[in-house]
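One structure below.
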Amino acid sequence: MRSYLASLGVAGVVSACLVSGSALASSAGMIGRSGKDGASLTCAECHTGGSGTPTVTIDGPTTLAPGATGNYALIIRGGPASGAGYNVAVSDTNATLNATSGSRKERGELTHTTTKRFTNGEARFDFTLVAPATPGTITLYGAGNSVNDNGLDGQGDSSAATTLNINVSNSGGGDDDGGGCAAAGGVPLLGAALVLLGTRLRRRRQP
C-alpha cells in the first residue's frame, strides 16, 4: 500500500513539474508562431477568448541596401493589455534577425523572454534586421498577443498577426550622415576661389 501511495506521489510531482514547465515555456516565449509557416500557426493557437482584438504592426524601413542593418519594432495595441508577447521571423534565410533587450533568438526567429507590460497603451518589442547581400524582396512575419496575465492559455487573451515586405535594393538606405554632399560641393567652390585669386594677381602685375 505504501509503495502504491509513494508511486502516486512521484507521479503527482512529475505531473506538476510538466505543467509548471509548460507555463514557463509559454511565458518565456515561443517560436514557430509568427505566421511564416502558415496563417493558422500564430499566437492565436493558445491566446484566445479575450474581448477585443489587438492591432499588431511592424514599424521600420521598407527599403534596405544589401547587407545594411535596419531598426524595427513589433508594436501591440489593444486587447486585454495586461501583458504582451511576440514572435518574429523572416522569409529569407540569408537575412539575419537580432534581438535586443527583453527578447531572445532561437533558430533564426525572435521571441520575448518574459511577459512585457504595456506602456502608454502599447507594448513594443525592438529588434534589428541585417538584409541579405542579394537584392530582392523579403518579408517579416510577426504575431503578437495581448493577455490578461492570469497564466492560463485560451482564457481571456487575444492575438493578431501581420507582415512587412522589405525591398532589398542597391538604391536602398545607407549610413550616409549627410556629410557627403558638403564634401562634394567643396571641390568646385575651391576651384572658383583659385580662379578668382589668379585673376587678381594678373591684374596687379599689369603696368
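Residues in the range 84-132 that are buried (at least 22 other Cβ atoms within 10 Å of the Cβ), part of a strand (DSSP E or B) and not hydroxyl-bearing (Ser, Thr, Tyr): Ala84, Gly85, Asn87, Val88, Ala89, Val90, Leu110, His112, Ala123, Phe125, Phe127, Leu129. Only one entry in Gly60, Gly49, Gly108 is modelled with pLDDT under 95 and more than 16 Å from Ala28 (Cα to Cα), namely Gly49. Looking at Ser15, Ser40, Ser20, Ser7, just one residue is more than 15 Å from Gly142 (Cβ to Cβ), in a loop (DSSP other than H, G, I, E, B) and modelled with pLDDT under 75, and that residue is Ser40. Comparison of Thr111, Thr69, Thr93 shows that the only residue that is over 24 Å from Thr134 (Cβ atoms), touching a residue at least 12 places away in the same chain (Cβ under 8 Å) and hydroxyl-bearing (Ser, Thr, Tyr) is Thr111. Among the candidates Ser103, Ser91, Ser82, the residue that is at pLDDT below 95 and at negative phi is uniquely Ser82. Checked against the criterion of being closer than 17 Å to Leu140 by Cβ and out of contact with any strand residue (DSSP E or B) (no Cβ under 8 Å at 6 or more places or on another chain), the candidates Thr100, Thr93, Thr119, Thr111 yield just one match: Thr93.
Picking from residues in the range 63-79 that are modelled with pLDDT of 95 or more and within 12 Å of Ala160 (Cα to Cα), the one that is surrounded by the most Cβ atoms within 10 Å (Cβ to Cβ) is Ile76.
Annotation: of all residues in the range 139-156 being among the hydrophobic types (A, V, I, L, M, F, W, C) and buried (at least 19 other Cβ atoms within 10 Å of the Cβ), the one that is modelled with the lowest pLDDT is Val147.
The values are calculated or read from the model by the stated rules, or taken from the named source; none is laboratory data. Computed from a prediction, not measured in an experiment: that's the story for all the values here. FYI the Cβ positions are ideal-geometry reconstructions off the backbone, even for glycines, and counts take in every protein chain you see.
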